[in-house]
Amino acid sequence: QVQLIESGGGLVQAGGSLILSCAASGRTFRSYPMAWFRQAPGKEREFVCNINWSGTTTYYADSVKGRFTISRDNAKNTVYPQMNSLKPEDTALYYCAAGGELTTSMTAYNYWGQGTQVTVSS
């Protein structure tokens with residue numbers, strides 16, 4: 001069993017930066033691909049980025065490519081998305097997820113956090 005706790009969300013002006021973190025419990029964290037998804041009000045949850053167990057492979061949604069960078073520290077059981085050049089359309093509840101395979105599909109991820117709110121003002 002893996003429990004995920006997100007933090008680092010908040011209010012930021014357009015063009016600013018935030019670093020989210022997702023702390024995981026459980027000894028098997030380092031074996032899981034990790035991902036971030038987000039859900040804006042009135043919209044479906046969408047893929048943002050993910051990273052394989054070793055941190056050597058990452059994927060990004062086109063909407064965040066070049067602005068977001070995901071990394072992980074397996075010694076600390078934590079995964080981080082560095083979010084730069086934030087836009088108002090990045091406003092959403094951001095969820096951390098852990099799963100069995102590296103994919104953009106929500107259904108592959110078995111464990112989810114409660115989410116952390118990111119609000120970008122124009």
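Here, each number is a calculation from the coordinates, and none is a lab measurement. This structure is a prediction, so every number in the text was calculated from the model and none was measured. Virtual Cβ from ideal backbone geometry, glycine too; neighbours counted across all protein chains shown.
Structure data summary
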item	result
Whichever aspartates and glutamates have a C-alpha closer than 17 Å to that of Lys65, once near sequence neighbours (fewer than 8 apart) are set aside	Glu46, Glu89, Asp90
Positive-end residue, segment 2-61 charge dipole about Cα centroid, Cβ charges, pick of Tyr59, Leu18, Val2	Val2
Value in Å of the Kirkwood radius, where the chain supplies the Cα pairs that are averaged	14.1
Virtual spin-label span in nm between Thr57 and Arg30, 7 Å along Cα→Cβ	2.0
Reach of Lys76 by Cα under 20 Å, taken over aspartates and glutamates that are not fewer than 8 positions away in the same chain	Glu6
Relative contact order (%) - the chain, alpha-carbon pairs under 8 angstrom, separation at least six	35
Separation of the Lys65 and Ala14 label points, Cα + 7 Å toward Cβ, nm	2.3
